[in-house]
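Notes for the one structure printed next.
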Amino acid sequence: MKDLVQSVELGVSQRKRLNVSQPKVWLKNELVRVGLAESLCTYVMMVLGLGSVAQVVTGQGVFGEYLSINLGFGLAVAMGVHVGGKVSGAHMNAAVSFTMCTFGRLGWKMLPLYVFAQLLGSFLAAGTIYVVYYEAIYDYCGGNLTVTGVKATAGIFATYPAPYLSLLAGFIDQVFGTAMLLLCLMALSDQKNKPAAAGSEPVAVGLLVMLIGISLGSNSGYAINPTRDIAPRVFTAIAGWGADVFRSGNGWWWVPLVAPPIGGVLGAGLYRVLVEMHHPPLSEQDGGLVEEFEEETAPLEKQGNICANICV
């Protein structure tokens, strides 16, 4: 009798497993899946990153300092990679997408989709932080939304140069910062070198962004990302800061838009010319067998999913 009861229970449990149905609605279109994932991971990265800036600024140092922003954006990038890494590659940065297209790791036809998704995610994230920190912002600045000055708050959303920084120096700053980002991302994804360990890619990319912020962030806030900067800047222009967001810093707005793609291609190209192109064949230590690797031209999301950028 006991055996009969156990067999019946086993049959019921098996039928329950077999009756588990697929969701009634799911997306099969690859472009839609990639676009949604890229938008969401960019949104997550930007909400958490901008939130860390808002907390530091409106808290006037009580709830963190400059290091808090670096930590916030680094961890935000890591979370963004977790959200979209296996679907879109979690670029979160138009400079990353442009560089991947340049080096044949992403089709050019995909670039508009990635850029639009990143712009949408960044714009919505700026709106979200504005709503969440609305009262804190107005309490901090007394309702006077300014781009420059002691109580300036536009810097919560977009980047602005330090008072001493010229446009030329700022342009070089953004080119160099993005070059370091892409150079290191290429190294982290290079399977013939010392890539990030499987599963550790989000943390590695987040630490890279944090390191760039700590070492290269003081001049202009290390935007190193066109879509991260322009979408929130447009939002602030609409939300009450006005056209000053484009006039400030001698018309700074175009520098984070133009310089990062240039820097990205230079950094990735430098790594490829000096390191990647010269990898010798791998030899088995025991048998001395030489193996040639296939050329790494697979889509980015199939190469470790760590060229995310993010970058802030």
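Restricting attention to region 246-296, the residues that are open to solvent by 90 Å² or more (accessible area, probe 1.4 Å), modelled with pLDDT under 95 and within 23 Å of the chain's Cα centre (by Cα) total 0.
Figure legend. Inter-residue proximity from region 86-102: first residues on the phi > 0 side of the Ramachandran plot, second residues part of a loop (DSSP other than H, G, I, E, B) and open to solvent by 10 Å² or more (accessible area, probe 1.4 Å), beta-carbon distance below 6 Å, spacing 6+ or different chains. Indicated pairs: G89/N305. On the stretch given as region 88-136, residues that are assigned to a loop (DSSP other than H, G, I, E, B) and not hydrophobic (A, V, I, L, M, F, W, C) total 8. Here T99 clears all of (1) more than 25 Å from C41 (Cβ to Cβ); (2) in contact with a Gly (Cβ under 9 Å, 6 or more places away or on another chain) except the condition numbered (1).
Pairs meeting the criteria (first residue in region 123-134 and modelled with pLDDT of 95 or more, second residue assigned to a loop (DSSP other than H, G, I, E, B), beta carbons under 6 Å, at least 6 apart or on different chains) are A126/F157.
Consider V234 carefully, then state whether it is outside any loop (DSSP other than H, G, I, E, B), at pLDDT 95 or above and surrounded by 21 or more Cβ atoms within 10 Å (Cβ to Cβ). No, not satisfied. In region 58-73, the residues that are touching a residue at least 12 places away in the same chain (Cβ under 8 Å) reach residues that are of a type in the set (V, I, T) and not in a helix (DSSP H, G or I) with C-beta atoms within less than 7 angstrom, at least six apart or across chains, in these pairs: F73/V312. For region 15-32, state whether one or more residues are in a helix (DSSP H, G or I), closer than 30 Å to K109 by Cα, modelled with pLDDT of 95 or more and among the acidic types (D, E). No, the conditions are met nowhere in region 15-32. Restricting attention to region 31-54 and to residues that are touching a residue at least 60 places away in the same chain (Cβ under 8 Å) and open to solvent by 40 Å² or more (accessible area, probe 1.4 Å), the residue that is farthest from H91 (Cα to Cα) turns out to be L31.
Residues that are assigned to a loop (DSSP other than H, G, I, E, B), closer than 15 Å to A90 by Cβ and in contact (Cβ under 8 Å) with a residue 24 or more places away in the chain within region 167-216 comprise S189, A196, listed in sequence order. Anything in region 124-164 that is surrounded by fewer than 15 Cβ atoms within 10 Å (Cβ to Cβ) and either in contact with a Ser or Thr (Cβ under 7 Å, 6 or more places away or on another chain) or among the small types (G, A, S) (or both)? List them, or say none. Hits for region 124-164 are G142, G143, T148, G149, A162.
Among the residues of region 188-220, which ones are of a type in the set (G, A, S) and in contact with a Leu (Cβ under 9 Å, 6 or more places away or on another chain)? Walk me through it before giving the result.
Just the residues of region 188-220 that are of a type in the set (G, A, S), to begin with: 189, 196-200, 204, 206, 213, 215, 217-218, 220.
Selection gives S189, A196, A204, G206, G213, S220.
The values are calculated or read from the model by the stated rules, or taken from the named source; none is laboratory data. Note that the structure is predicted; figures quoted are calculated from it, not measured. Every residue, glycine as well, gets a Cβ built from its backbone with ideal geometry; the counts of neighbours run over all protein chains shown. For the accessible areas, the whole protein counts, side chains as well, though only heavy atoms, and no ligand, DNA or RNA atoms are used. Shrake-Rupley method; radii C 1.70, N 1.55, O 1.52, S 1.80 Å.
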